[in-house]
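These notes are about the structure you will find just below.
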């Protein structure tokens, strides 16, 4: 099959969240299975790294937005896995200092930026005389592709044959804009309709894909169930319930070439489940770098996260004094909400030598925290999949998580039965509250004193297999069924009855 993977992020060039890691790893497994794969991503002239790897093809593609022609340069990189990555360049639109926004605000031209990008991707298919069998696209930044394909199919029937698979990484971010901006999209007026992009008198990019893609996936089985409920459906639970047989939860994997303590290039020492001596050396290096007290026997809690309420950072802040009083040290890396940044700095100031906070993102330090910590704090209120808990398990750093989304699918709570049968890999709280988190921390610290039990949990955690092979096979089965004309491959035009459960097609 020819597979086009369209994304706003790619870890080799630009990373804001887990989508970037998925975009770097999953296509490589499609390619290894013998398929031709192209990845498309914007060329962020100021915000991206490693742009020197992409060579200028001297080709241009043309898109239309806000009543004008927009010409984008095409840059190309072939990864070590033989995946073609195409970066589409227009510095006026994608030359901003950030990726989606700055100062906690999205860019005012985001609708235009990603509308141009999506049109340019489809134009490049024609220019390069290559047409995908499957279009695999992700989150709201690419969610208008079904509309653009339908519009182009009026002139070129090949676009009407492409099977569309849309992956929801976070349903909470939908790309909602004022309807007065519709003219920027270069779409016929018929697409401003509840079956396409109109949602309660607004443009909603996510809705287009939810209504019209041939198949929907999301990033864990539990999250696939959660988004069919009013609590986490963000207004689309009815549509998703109506399409439940065309919605599949596939757990994200991790790139074990990058996130593997036996080979991790960022670590001062390597280790494995069979020989964990190197983990102690990583802990020593982390303590020294962060200026934390290096007292033998004291456990270290780590956290690497966007500093938001979704990630439960406020819960950690609320119990930080109690965690220190219980005998643990804490290392935090992240950025986000300014109030949380200041509160964490205040925690570090109150507890010098016991709490260290680094605001920002540092890939090397993120790896070192995963390796050097004993416990990983991840009490997210909701988590579609989550990668850090899987990194933690791979590194023998036992996570404390909330029973939600992918966290529920990946961490086995250390209850009495799991401890007895050797399957426990972490600590799971049922409610995201400061009290529940503190109780879990205290339980973990008590268990940490039983070195034999802790080693058994660590070995069980490190034995978990979260590589991409299984997940890639699940995606490919969906792709192959669609291409072969199986269930779920009907025309998008036939899905206008996927209503919200209230009788309204909004």
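The values are calculated or read from the model by the stated rules, or taken from the named source; none is laboratory data. Just so it is clear, the model here is predicted, and its values are computed rather than measured. For neighbour counting, all protein chains shown are included, and Cβ atoms are generated from backbone atoms with ideal geometry for every residue, glycine included.
Tabulated data for the structure shown
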quantity: Selection from segment 168-180 of residues that are surrounded by fewer than 18 Cβ atoms within 10 Å (Cβ to Cβ) and closer than 19 Å to residue 120 by Cβ; calculated: none
quantity: Count of residues meeting criterion [in a strand (DSSP E or B), surrounded by 21 or more Cβ atoms within 10 Å (Cβ to Cβ) and free of Cβ contacts under 8 Å to residues at least 60 places away in the same chain] in segment 76-123; calculated: 3
quantity: Evaluation of residue 309 against (1) outside any strand (DSSP E or B); (2) more than 17 Å from residue 401 (Cβ to Cβ); (3) out of contact with any helix residue (DSSP H, G or I) (no Cβ under 6 Å at 6 or more places or on another chain) (one fails), failing number; calculated: (2)
quantity: Verdict on residue 36 being in contact with a strand residue (DSSP E or B) (Cβ under 7 Å, 6 or more places away or on another chain) and surrounded by fewer than 16 Cβ atoms within 10 Å (Cβ to Cβ); calculated: no
quantity: Some residue of segment 412-434 being crowded, with 20+ Cβ neighbours inside 10 Å, modelled with pLDDT of 95 or more and in a helix (DSSP H, G or I); calculated: no
quantity: Candidates 491, 496, 471, 505 - the one that is at pLDDT 50 or above and either under 21 Å from the mean Cα position of the chain (by Cα) or on the phi < 0 side of the Ramachandran plot (or both); calculated: 471
quantity: Sole exception among (1) more than 23 Å from the chain's Cα centre (by Cα); (2) surrounded by 14 or more Cβ atoms within 10 Å (Cβ to Cβ) for residue 274, by number; calculated: (2)
quantity: Hits in segment 45-69 (condition: crowded, with 23+ Cβ neighbours inside 10 Å and not in a strand (DSSP E or B)); calculated: none
quantity: Any chance residue 189 is surrounded by fewer than 21 Cβ atoms within 10 Å (Cβ to Cβ), over 19 Å from residue 215 (Cα atoms), in the same structural domain as residue 221 (by TED's automatic domain parsing) and modelled with pLDDT of 95 or more; calculated: yes
quantity: Residue 329 closer than 25 Å to residue 269 by Cβ, at pLDDT 95 or above and either out of contact with any helix residue (DSSP H, G or I) (no Cβ under 9 Å at 6 or more places or on another chain) or outside the structural domain of residue 433 (by TED's automatic domain parsing) (or both); calculated: no
quantity: Pairs, first at positive phi in segment 235-264, second at pLDDT below 95 and buried (at least 19 other Cβ atoms within 10 Å of the Cβ), C-beta under 9 Å, six or more apart; calculated: 235/500
quantity: In segment 129-138, the residues that are touching a residue at least 24 places away in the same chain (Cβ under 8 Å), surrounded by fewer than 17 Cβ atoms within 10 Å (Cβ to Cβ) and farther than 15 Å from residue 148 by Cα; calculated: 130
quantity: Condition broken by residue 452, with the remaining ones in (1) touching a helix residue (DSSP H, G or I) at 6+ places or on another chain (Cβ under 9 Å); (2) closer than 29 Å to residue 268 by Cα; (3) without any contact (Cβ under 8 Å) to a residue 60 or more places away in the chain satisfied; calculated: (1)
quantity: Filter pass, residue 297 being free of Cβ contacts under 8 Å to residues at least 60 places away in the same chain, within 23 Å of residue 445 (Cα to Cα) and in the same structural domain as residue 329 (by TED's automatic domain parsing); calculated: yes
quantity: Per-region count, segment 124-135, residues out of contact with any helix residue (DSSP H, G or I) (no Cβ under 9 Å at 6 or more places or on another chain) and assigned to a loop (DSSP other than H, G, I, E, B); calculated: 2
quantity: Hits in segment 455-468 - residues which are crowded, with 18+ Cβ neighbours inside 10 Å and part of a helix (DSSP H, G or I); calculated: 457, 458, 460, 461, 462
quantity: Subset of segment 138-158 [part of a helix (DSSP H, G or I) and within 28 Å of the chain's Cα centre (by Cα)]; calculated: 140, 141, 142, 145, 146, 147, 148, 149, 150
quantity: Strands (runs of 3 or more DSSP E) contained in segment 314-378 and holding at least 1 residues touching a residue at least 12 places away in the same chain (Cβ under 8 Å) and surrounded by fewer than 18 Cβ atoms within 10 Å (Cβ to Cβ); calculated: 329-336, 355-359
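For every residue, the table says whether it meets (1) under 30 Å from residue 466 (Cα atoms); (2) in contact with a strand residue (DSSP E or B) (Cβ under 6 Å, 6 or more places away or on another chain).
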| residue | (1), (2) |
| --- | --- |
| 265 | yes, no |
| 294 | no, no |
| 319 | no, no |
| 324 | no, no |
| 328 | yes, yes |
| 351 | no, no |
